[in-house]
Amino acid sequence: MTPDQAVRAVGVTKEYVRDDFRILALDKVDLDIPTGEFFSLMGPSGSGKSTLLHMIAGIDKPTGGRFLVLGKEIAQFSDREMAHWRSEHIGYVFQTFNLIPVLTALENVELPLLLTNLSKKERRDHARKALEIVGLGDRLKHYPRQLSGGQEQRVAIARAIVTDPAIILADEPTGDLDAQSAKDVLTILSELNDKHGKTIVMVTHDPHAAQFAHRTRYLEKGSLLREGVNPAVGAS
């Protein structure tokens, strides 16, 4: 794997066993995501999109094949090594914002930094800067209930970038937002990619959201369709 590849999957398979049933979530997936790319992954529910995203984050491990993230076969890490690696290199943005309601925006963003050796002042400075990047420098002391859905998602993005990760994973980041808020969030992700060099991997059902990405691939029943194929319009 060369330094210009953030993610490489070679023949990756993922199987789950539920009672006597075998579920094939990913079937011999081959995928390269270059460093610095804004990449989107589309497909119906149950196609394996979130499984692949969880694998990049080290939350899940492949059953077969090789899977490398930032040049590391992270499936070989111990749980402790994985947690440390994830906290340094991965930022995760969820569809449901997962903010803690009794904490302010600043305190929510600061949370990932509590695992570091930074001083309280350094943590607050980093959290403040992250909120400024997403346009919420004037909402530091606001609680989630005092924010719109779009603002809550921007707080969640600030929390994902506060540790300066190399890769940002976004799982349906606009799924619960109105059209304008969705556009604002996607614009922020694009700016993080363009201006800050972050590799973005986004799962989405929304073709309008996918248009913000450099490249889109499609998953169907665990299989990654060949480059350029959009199942909505048929193979060409």
Cβ-Cβ under 7 Å, sequence separation 6+ or interchain: first residue in the stretch 36-59 and without any contact (Cβ under 8 Å) to a residue 60 or more places away in the chain, partner assigned to a helix (DSSP H, G or I) and surrounded by 19 or more Cβ atoms within 10 Å (Cβ to Cβ). Which pairs? Gly58/Ile74; Gly58/Arg86
Only one residue in Gly46, Gly71, Gly65, Gly58 is buried (at least 21 other Cβ atoms within 10 Å of the Cβ) and on the phi > 0 side of the Ramachandran plot, so which one is that? Gly58
The number of residues in the stretch 28-82 that are small (Gly, Ala, Ser) and part of a strand (DSSP E or B) is 3
Using the structure shown, decide if Glu132 is over 21 Å from Thr216 (Cβ atoms) and either surrounded by 16 or more Cβ atoms within 10 Å (Cβ to Cβ) or without any contact (Cβ under 8 Å) to a residue 40 or more places away in the chain (or both). yes
The condition of being touching a residue at least 40 places away in the same chain (Cβ under 8 Å), surrounded by 15 or more Cβ atoms within 10 Å (Cβ to Cβ) and small (Gly, Ala, Ser) holds, among Gly175, Gly150, only for Gly175
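The rows are residues; the columns are (1) in a helix (DSSP H, G or I); (2) at pLDDT 95 or above; (3) within 17 Å of Ile100 (Cβ to Cβ).
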{"position": "Glu122", "(1), (2), (3)": "yes, yes, no"}
{"position": "Asp125", "(1), (2), (3)": "yes, yes, no"}
{"position": "Ala130", "(1), (2), (3)": "yes, yes, yes"}
{"position": "Lys141", "(1), (2), (3)": "no, yes, yes"}
{"position": "Arg145", "(1), (2), (3)": "yes, yes, yes"}
{"position": "Gln151", "(1), (2), (3)": "yes, yes, yes"}
{"position": "Ala156", "(1), (2), (3)": "yes, yes, yes"}
{"position": "Pro165", "(1), (2), (3)": "no, yes, no"}
{"position": "Ala170", "(1), (2), (3)": "no, yes, no"}
Out of Arg145, Arg215, report the one residue that is out of contact with any Gly (no Cβ under 8 Å at 6 or more places or on another chain) and either β-branched (Val, Ile, Thr) or closer than 28 Å to Thr35 by Cβ (or both). Arg215
Across the stretch 93-115, which residue is nearest to the chain's Cα centre (by Cα) among those that are part of a loop (DSSP other than H, G, I, E, B), among the aliphatic types (A, V, I, L, M) and closer than 20 Å to Pro173 by Cα? Leu99
Would a scan of the stretch 175-194 turn up a residue that is charged (D, E, K, R), within 19 Å of Ser50 (Cβ to Cβ) and outside any helix (DSSP H, G or I)? yes
Scan of the stretch 204-236 for residues that are surrounded by 14 or more Cβ atoms within 10 Å (Cβ to Cβ), modelled with pLDDT under 95 and of a type in the set (Val, Ile, Thr), ordered by number: Thr204, Val229
Among the numbered criteria (1) surrounded by fewer than 16 Cβ atoms within 10 Å (Cβ to Cβ); (2) among the aliphatic types (A, V, I, L, M); (3) not in a loop (DSSP other than H, G, I, E, B), which single criterion is violated by Leu118? (3)
Considering only residues of the stretch 78-112 that are under 16 Å from Val7 (Cα atoms) and of a type in the set (Phe, Trp, Tyr), which is surrounded by the fewest Cβ atoms within 10 Å (Cβ to Cβ)? Trp85
When the stretch 82-128 is examined, which residues are found to be of a type in the set (Lys, Arg) and over 21 Å from Leu140 (Cα atoms)? Arg86
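The values are calculated or read from the model by the stated rules, or taken from the named source; none is laboratory data. Keep in mind that this is a model prediction, so the values were computed, not measured. Using ideal geometry, Cβ is built from the backbone for each residue, glycine included, and neighbour counts are taken over all protein chains shown.
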